[in-house]
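Where a number appears in this text, it was derived from the coordinates with a stated rule and is not lab data. Nothing here was measured: the structure is a model prediction, and the numbers come from that model. Glycine gets a Cβ as well: all are built from the backbone with ideal geometry, and neighbour counts include every protein chain shown.
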Amino acid sequence: MPNTVREEMEDRHLGRRQFMRRSVAGVALAGSSSAALGADSGARPRRTGKREGTVRTEADVLVVGGGTAGTIAAIQAARAGAKTALVERGTQLGGTATTGGVSFPGLFDAWGKQIIAGIGWELVKRAVELDKGTLPDFSQVPARHWQNQVHVNQFVYALLAEEACVEAGVTVAYYESPLSVEQTVDGWLVDTVGPGTYRRVTCQQIIDCTGGASVVGMLGLPRLRDSETQPGSLLYKLGGVHPVGRGQLEQLYVHGADSSTSVTLTEANLNGRRLLLKKLRGQKDTSRLVHMQPETAHRETYRIRGETVITVEDYTSGRVFDDAVCYAFYPVDLHTPSGVKPKPLARGTVPTIGLRALVPKGSRDIMVAGRCVSSDRLANSGLRVQASCMAMGQAAGAAAALAAQRKTTPIEVPLEDIRELLRHHGAIVPSA
Ligand SMILES: Cc1cc2nc3c(=O)[nH]c(=O)nc-3n(C[C@H](O)[C@H](O)[C@H](O)COP(=O)(O)OP(=O)(O)OC[C@H]3O[C@@H](n4cnc5c(N)ncnc54)[C@H](O)[C@@H]3O)c2cc1C
């Protein structure tokens, strides 16, 4: 973690004056009255180990990260009868699809028919209907793949996703992140922290939907990451009005964007906004900035090394895994510093995702869903799109709920039971 190391070193090299300033600020923030300060002539800043605001949550399934995949995982687990909690570091659900502004999920169809449905599709469809938009006609094979992406109003989607979670009985915890994760004899003990809140979660199953597999990383389970990663993007709209849910936003590549830590997230936001400000200042016309997403969206950080790793050959050949739980469909779509040239799949090819690609190698009782799916970099460039992330989320939610009910681990649940539950909740499941 080079950035963390850099921070610690900077702290150690703080000059005496800066140190004093920090200490004084600490006293003032502690809220002590001046009389109390006077009484303690030493007046040293106090550190408290007492955790005020501790909340206890007992769950069967804990989902970490309420983004594209996590929202669907939580709804599925809860609808299947599991007591479900969802911890999200941000302020709303949807992740890259809402906060990142990538509100054009794809692809739910391939070669003239729908291949992904279920809870993700239900929310997308309801968002389009409520916003009086239009859905693509999946019986038509479009000339370009992106023509069948669904244009969704990101604000409506966030509202509906939250409503669906609450209605399913999910305990939603915004502004929180895991501080520690410990495996116990019958599950997990997870401490999370947010402003003024310490939460102790006991649960049987974890689904890590943080995008970059942060929980898997905290546990020291294997993750994959290439030295080069795709750029992130800050989405915005310059000039005119922003037709929410109709047109796509403009985007600026943010090279080196890394969603792994709060330090790297901050850096990606600072860089994205600096670039946008430069662009704004360089504008020749009178176009005004009418829309900007609150954070830089990330394409790539860590992927897990799972019980299976989906290779680009598996992906492009449309391999049907024996434990396939959903389809995926998108060109191989690797963004490089000079842009992207999508490589479409051969006609008729529809890749699948097996359950074991959602299970970190050598683990029990933890799964992932979303862009951190176990895959090589090229396969991941296609697998990471939103409809596939939603389908993975639903599959992980179903497997985790059944595992919790049966006091076992997801890959020991008979596959047909997972598939049956998924079909019962509207998902399309590949047949071998
Ligand atoms: C610029 C851009 C353009 C794209 N274009 C398309 C497109 O046209 N069509 C398409 O379908 N897909 C597109 N994608 C890909 C797709 O949007 C993402 O890969 C997908 O949304 C990722 O879903 P996810 O659930 O894995 O992660 P996210 O949706 O990013 O969700 C992760 C969630 O976890 C939370 N989180 C992270 N760490 C923690 C933590 N420690 N504690 C608590 N919460 C945490 C985050 O706040 C976030 O809400 C694009 C992506 C980008 C960046």
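Is it the case that GLN154 is without any contact (Cβ under 8 Å) to a residue 40 or more places away in the chain and more than 11 Å from the ligand (Cβ to nearest atom)?
Judged against the criteria, GLN154 is not a match.
Within segment 163-200, work out how many residues are under 30 Å from GLY247 (Cβ atoms) and either part of a loop (DSSP other than H, G, I, E, B) or within 12 Å of the ligand (Cβ to nearest atom) (or both). Walk me through how you get there before you give the answer.
Initially, segment 163-200 is screened for residues under 30 Å from GLY247 (Cβ atoms), giving 163-165, 174.
Narrowing further to those that are either part of a loop (DSSP other than H, G, I, E, B) or within 12 Å of the ligand (Cβ to nearest atom) (or both): 174.
Result for segment 163-200: 1.
What pairs can you find where one residue is in segment 53-78 and more than 25 Å from GLU122 (Cα to Cα), the other is among the basic types (Lys, Arg) and within 14 Å of the ligand (Cβ to nearest atom), and their Cβ atoms are less than 7 Å apart, with a gap of 6+ or different chains?
Short answer, once both residue conditions are applied: VAL55/ARG199; THR57/ARG199.
Can you name every residue in segment 106-122 that is within 13 Å of the ligand (Cβ to nearest atom) and outside any strand (DSSP E or B)?
Going residue by residue through segment 106-122, those that are within 13 Å of the ligand (Cβ to nearest atom) are 106-109, 116, 120-121.
GLY106, LEU107, PHE108, ILE116, GLY120, TRP121 - these are the residues of segment 106-122 that are within 13 Å of the ligand (Cβ to nearest atom) and outside any strand (DSSP E or B).
A quick yes/no check of all residues on (1) touching a Gly at 6+ places or on another chain (Cβ under 9 Å); (2) over 19 Å from LEU224 (Cβ atoms):
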residue	(1), (2)
THR301	yes, no
VAL312	yes, no
GLY318	yes, yes
PHE321	yes, no
VAL325	yes, yes
ASP333	yes, no
SER338	no, yes
ALA346	yes, yes
THR349	yes, yes
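Could you list all residues from segment 61-105 that are near the ligand (Cβ under 7 Å from one of its atoms), of a type in the set (D, E, K, R) and in a loop (DSSP other than H, G, I, E, B)?
If the condition is that a residue be near the ligand (Cβ under 7 Å from one of its atoms), of a type in the set (D, E, K, R) and in a loop (DSSP other than H, G, I, E, B), then ARG89 is the only one that fits.
To keep it simple, each residue is scored yes or no on (1) away from the ligand (no atom under 13 Å from the Cβ); (2) within 19 Å of PRO105 (Cα to Cα); (3) part of a loop (DSSP other than H, G, I, E, B); (4) out of contact with any strand residue (DSSP E or B) (no Cβ under 8 Å at 6 or more places or on another chain).
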site	(1), (2), (3), (4)
ASP226	yes, no, yes, yes
SER233	no, yes, no, no
ARG246	yes, yes, yes, yes
GLN251	no, yes, no, no
ALA257	no, no, yes, no
LEU265	no, no, no, yes
LEU270	yes, no, no, yes
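Hey, could you check segment 325-342 for residues that are in contact (Cβ under 8 Å) with a residue 12 or more places away in the chain and aliphatic (A, V, I, L, M) and say which is nearest to the ligand (Cβ to nearest atom)?
Selected residue: ALA328.
Right, VAL241: part of a loop (DSSP other than H, G, I, E, B) and among the aliphatic types (A, V, I, L, M) or not?
Working: part of a loop (DSSP other than H, G, I, E, B): yes; among the aliphatic types (A, V, I, L, M): yes.
So VAL241 passes the test.
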